[in-house]
Amino acid sequence: AQSVTQPDIHITVSEGASLELRCNYSYGATPYLFWYVQSPGQGLQLLLKYFSGDTLVQGIKGFEAEFKRSQSSFNLRKPSVHWSDAAEYFCAVGAIFGNEKLTFGTGTRLTIIP
Amino acid sequence: EPEVTQTPSHQVTQMGQEVILRCVPISNHLYFYWYRQILGQKVEFLVSFYNNEISEKSEIFDDQFSVERPDGSNFTLKIRSTKLEDSAMYFCASSGTGVNEQFFGPGTRLTVL
């Protein structure tokens, strides 16, 4: 069965510092991987996605993620965080084609300190 | 840019009442989904729907739940007799043919009292 692990429940970083959020997945075929961001009480905004091509993928708001097949990881990074990046971040995995469900991780809550 | 819309944004109901959550998927999409997120928890899959049939459902999606595409634009989730534990944010999503990129709506927050 497919699964996503986000080992960090809560991360605190200083504004302007770099950020890395970890995501490990288990999937039986080539995965389609996603990162979503959710502000309190809001919906899910897609940050970036990957299923083929360059393993370093760029997303919105200055985020990027790197796919590492050997480590079954898809970590999210940002070189310099802004206070507005404080939110909950979810990694998800699904099939590339068809209408298979997405499986989400438990999320990482990001707090930014001045 | 086309988007998935959901109504209402917040619904409050009494335990045992029926609720219908509505979604308008992106117009040329063929696959539709419902997910839910209990407060503070992860997003969980409920059901997927294609060609007027359920494609897949999770163990959460029991006999109290049903989905329908009553016309060419709406996709609904009905909970027949709500329980306290149904309180959650419910997200609708849709995807087209080709790659499985699901576009999510803003969610409906359901509160069961």
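The values are calculated or read from the model by the stated rules, or taken from the named source; none is laboratory data. This is a predicted model, so every value here is computed, not measured. Don't worry about glycine lacking a Cβ; one is built from the backbone with ideal geometry, like all the others, and counts go over all protein chains shown. The protein model used for the area step is the full one, side chains on, heavy atoms only, and it has no ligands, DNA or RNA in it. Shrake-Rupley method; radii C 1.70, N 1.55, O 1.52, S 1.80 Å.
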- For the range B:39-70, list residues with backbone N below 17 Å from a point placed 7 Å from the Cα of B:Ser81 toward its Cβ? B:61-66
- Under a plain spin-label model, where a point goes 7 Å from the Cα along Cα-to-Cβ, how far apart in nm are A:Glu20 and B:Tyr50? 3.7 nm
- Inter-label distance for A:Phe97 and A:Ser3, nm, one decimal - labels placed 7 Å from Cα along Cα-to-Cβ: 2.9 nm
- Note on the structure: In Å, the C-alpha Rg and Dmax of chain B are 13.2, 42
- Message: So for chain A, averaging the separation of alpha carbon pairs under 8 Å that are six or more residues apart and normalising by length, what relative contact order in percent results?
- Response: 38 percent
- Query: Could you give the nm distance between label points at B:Thr111 and B:Thr13, where each point is 7 Å from its Cα heading toward the beta carbon?
  - Reply: 1.6 nm
- Message: Under the rule that an exposed site lies in a DSSP loop and has at most 15 other Cβ atoms within 10 Å, name the longest stretch of chain B with no trypsin sites (Lys or Arg not before Pro) of that kind, not counting the sites themselves.
- Response: B:1-79
- Which of the listed residues, A:His10, A:Leu48, A:Leu102, is farthest toward the dipole's positive end in the range A:3-113, when Lys, Arg count +1 and Asp, Glu count -1 at the beta-carbon? A:Leu102
- If you plug each phi of the range A:27-41 into the Karplus form 6.51 cos²θ - 1.76 cosθ + 1.60 with θ = phi - 60°, what whole-Hz ³J(HN,Hα) values come out, in order, with x for Gly and Pro? 8, x, 9, 5, x, 10, 10, 9, 10, 10, 10, 9, 7, x, x
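If you roll a 1.4 Å probe over the heavy atoms of the protein chains, what accessible area per residue do you get for the protein assembly as shown, in Å²?
Dividing the accessible area of the protein assembly as shown by its residue count gives 48 Å².
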- Per DSSP, the loop-located chymotrypsin sites (Phe, Trp or Tyr not before Pro) within the range A:16-71 having at most 13 other beta carbons within 10 Å are none
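Show me the GluC sites (Glu not before Pro) within the range B:38-113 that DSSP assigns to loop and that have at most 12 other Cβ atoms within 10 Å of their Cβ.
Passing both the DSSP loop test and the Cβ count: B:Glu59.
Hey, got the dipole for the range A:3-113? About the Cα centre, +1 on K and R Cβ, -1 on D and E Cβ, debye to the nearest 20?
160 debye
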- Note on the structure: Computed for chain B: size of charge dipole around the Cα centre, +1 on C-beta of each Lys and Arg, -1 on C-beta of each Asp and Glu, debye to nearest 20, value 260 debye
- Relative contact order of chain B (C-alpha contacts under 8 Å, at least 6 apart) in percent is 38 percent
- log₁₀ I(q)/I(0) of chain A at q = 0.12, 0.21, 0.22, 0.23 Å⁻¹, via Debye over equal Cα point scatterers, no solvent, to two decimals? -0.38, -1.15, -1.26, -1.36
- Task: State log₁₀ I(q)/I(0) for the protein assembly as shown at q = 0.11, 0.15, 0.17 Å⁻¹ as given by the Debye formula over alpha-carbon point scatterers of equal weight, solvent excluded.
- Result: -0.55, -1.00, -1.24
